[in-house]
Structure formats: structure tokens, C-alpha cells
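Here is the structure we will look at.
Throughout, read-outs are computed from the coordinates displayed, never taken from laboratory work. Being a predicted model, the structure only gives us computed values, none of them experimental. Ideal geometry is used to build each Cβ from the backbone, glycine not excepted, and the neighbour counts take in all protein chains shown.
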Amino acid sequence: MKTTLPKNSLIIKERLDAIVQEILAVARDQVAMIILFGSYAKGTWVRDWYVEGHITYSYESDLDILVVTKSPKYRGLKGASFESDLTKRLERKGLRGKTFGAPWVTFVVEPIKYLNQQLEKSQYFFSDIKKEGILLYDSGEFTLAEPKDLNSEERRQIAKDDFDQWFPRAIGFIKATNYMLQDNYLNLAAFQLHQATESFYSAILLVFTGYKPRLHDIEKLGSLASNYSDELLKIFPRDTEEQEEKFILLKLAYTEARYNKNYKITEEQLVYLIKRVEKLKSVTEEICTVWINRQNTFEQKS
């Protein structure tokens with residue numbers, strides 16, 4: 001595994017070093033490895049602007065970090081998870097919040113035993129991280145298993161099966177959203193739209209990596225998925241307070257729209273969010289179809 005950043009990713013080295021130190025400050029004795037993956041590890045990150053509807057928006061790649069723990073049994077303050085403790089610490093230090101030029105930090109936290117099991121099964125999300133990632137910290141106590149490479153046809157078939165499951169599921173949730181909106185069940189419509197968003201991101205992650213984190217956080221899922229198309233960075237612009245509010249309403253809808261009587265979303269906000277998720281649908285279909293067909297082409301040529 002590589003240990004140095006690509007030249008054009010050195011711009012985030014100081015911030016990355018600070019993040020590593022905070023991770024170790026939370027639980028050094030429980031951290032086996034810290035690995036940077038995604039666009040900053042490969043040197044393909046983007047930071048740019050685009051115009052949509054005569055409005056200029058900014059977008060930027062996120063920092064993706066795999067924290068490998070020695071044990072799955074971590075319990076922090078008041079029973080909190082490792083990621084929860086870490087996120088709160090980074091937010092207090094001003095190291096996680098997103099501003100232009102200071103990318104959002106997304107964590108994947110997995111124990112070494114699980115990681116090696118997945119590598120031995122040729123789970124290609126982790127295989128690709130081992131191949132392309134940057135080792136930021138190593139306790140020296142463990143080694144990573146050697147994965148065997150899947151051929152193109154094996155990867156294509158797995159990807160196609162996952163796409164055929166998750167993409168129609170997402171479309172079904174959009175249909176349910178519109179039905180609920182038509183009957184003025186706004187909170188239920190927001191929940192269905194959250195499920196559509198989660199399902200589209202799940203389709204992308206499974207097609208490209210074969211891995212989907214066990215969570216419903218569309219912010220984190222979207223961050224991970226954006227490694228596979230810059231267009232995904234443009235789905236939910238968050239340059240203004242109004243845009244931020246709408247995205248947060250969608251993010252919270254998984255639980256709040258169903259169980260919190262104080263959760264409120266307007267028809268106008270829902271219509272805006274539906275348009276954004278329809279854009280997500282188009283990007284998802286395009287990039288997944290291209291990837292699956294390309295694997296088929298590779299196999300035929302070989």
C-alpha cells in the first residue's frame with residue numbers, strides 16, 4: 001500500500017495530519033490502521049463551479065477515510081460508537097464541517113477481522129482501497145489479507161444483479177413519493193423520497209464497489225458514491241441556507257418524518273427535492289449502465 005499522497009493532493013496534507021491525530025486521540029489503543037481512499041488518494045479530486053438555471057453553484061470532492069479498528073467492541077462515551085465520538089471531536093475542532101476549500105470528511109469504520117474476511121472473499125471495495133489507498137497510520141500489529149482478483153464477467157454479473165435490485169426499488173419509492181404528495185401526506189412523501197435517494201446511492205455503491213455501509217445516512221452514502229462521478233457532487237447544492245435546510249429535511253426524513261410530530265416540510269420544499277432526486281435517478285442510470293456495459297466489453301475482448 002502507498003504511504004505518500006499524490007502531488008496534487010498535498011494541498012490537504014496539513015488538514016489530513018490533524019485529522020489523523022484526532023482519530024488517535026479518541027482511541028489510539030483501538031486503531032489498527034488509518035487509510036485515505038477515494039479521489040484524494042488517487043489524485044483525481046475536483047473543486048469547481050457550475051451553472052444551473054442561471055445560478056452558479058460550487059462543488060468539491062470529499063475526504064474519504066477508512067479507520068480499521070482492532071476490535072468490533074468499541075464503546076465510547078455513554079455507549080457511543082467510535083464514529084460518533086470521532087465526529088463530535090472533529091466538529092469541535094473545526095475539522096469536519098464543509099466549506100469551499102475544506103472538504104467534508106467521510107469515515108468508514110470496520111474491524112480488522114471483518115476487513116480481512118472481505119479481502120479474502122475478493123470484496124472489491126476493500127480490494128480497491130488496498131490497491132489505491134494511502135496508509136496514513138499503521139499500528140504495526142496487523143497485516144492485510146491478499147485478495148484474489150475477480151474477472152470482468154464476475155464483477156459485471158454481481159454489479160448487474162445489484163443494479164437490477166436497487167434501481168427499480170428507488171423508482172418505486174419516487175412513485176410512492178408523488179402519490180403521497182398528491183394526497184398531501186407531506187411527511188410520508190419525505191420519507192419515501194429519502195428511501196429513493198438511499199436506494200439510488202446504494203445502487204451506485206454496489207455496482208462500482210460491491211459494498212454498502214450498514215446505514216441510512218444519505219449524506220455519507222452520497223459522499224462515498226461521488227467518488228465514481230463528479231456529477232453526483234452537483235445533486236444537492238448547499239451553497240445557501242435555504243438549500244442546506246432542504247437537504248437536512250431530506251436527510252432527517254428517515255426517522256423524523258415518521259416519528260417526530262414536530263417535523264415539518266412544505267409542498268414547495270418537497271417539489272424542489274423531488275427534482276433533485278430525479279436528477280440523481282438520471283445520473284445513477286447513466287453511470288451504472290456505462291460501467292456494467294464496459295465490464296462486458298472488457299470480457300469479450302479478453
Q. Normalised by the number of residues in the chain, what is the relative contact order in percent for Cα pairs under 8 Å and 6+ residues apart?
A. 18 percent
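Please give the calculated 222 nm ellipticity per residue for the chain, where each DSSP H segment of at least 4 residues contributes -39500 (n - 2.57) and the sum is spread over every residue; nearest 500 deg cm²/dmol?
Numbers: 11 runs with 162 residues, N = 302.
Per the formula, -17500 deg cm²/dmol.
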**Q.** Amide proton proximity set for Ala32, modelled H, under 5 Å, gap of 5+
**A.** Val68, Thr69, Lys70
Q.
For Ser122, what residues show an amide H to amide H distance below 5 Å, using hydrogens built from the backbone and excluding near sequence neighbours?
A. Lys148
Q: Within 10 Å, count the other beta carbons around each residue, average over each peptide in 266-273, 158-165, and list them highest first.
A: 158-165, 266-273
Q) If contacts are Cα pairs under 8 angstrom and at least 6 residues apart, what is the relative contact order of segment 79-179 in percent? A) 19 percent
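Which entries of Lys93/Lys261; Lys13/Lys131; Lys113/Lys148; Lys234/Lys261; Lys2/Lys160; Lys251/Lys281 show an alpha-carbon separation above 23 angstrom in the structure shown? Spell out each step's value before the answer.
Numbers: Lys93/Lys261 33 Å; Lys13/Lys131 20 Å; Lys113/Lys148 17 Å; Lys234/Lys261 31 Å; Lys2/Lys160 31 Å; Lys251/Lys281 17 Å.
The pairs that break the limit, which is 23 Å between Cα atoms, are Lys93/Lys261; Lys234/Lys261; Lys2/Lys160.
Only helices at least 18 Å long along their axis, Cα-based, and averaging -1.0 or more on Kyte-Doolittle count here, so list those DSSP H runs from the chain. Present the calculation step by step, with values, prior to reporting the outcome.
Values: long enough: 13-27 (22 Å, 0.53); 152-182 (44 Å, -0.82); 186-209 (34 Å, 0.91); 267-301 (51 Å, -0.61).
Membrane-span-like by this rule: 13-27, 152-182, 186-209, 267-301.
Note down the Stokes-Einstein diffusion coefficient of the chain in µm²/s, whole number, using a Kirkwood radius over alpha carbon pairs, 20 °C, and 1.002 mPa s. The partial results should precede the final answer.
Working: Rh = 20.4 Å.
D = 105 µm²/s.
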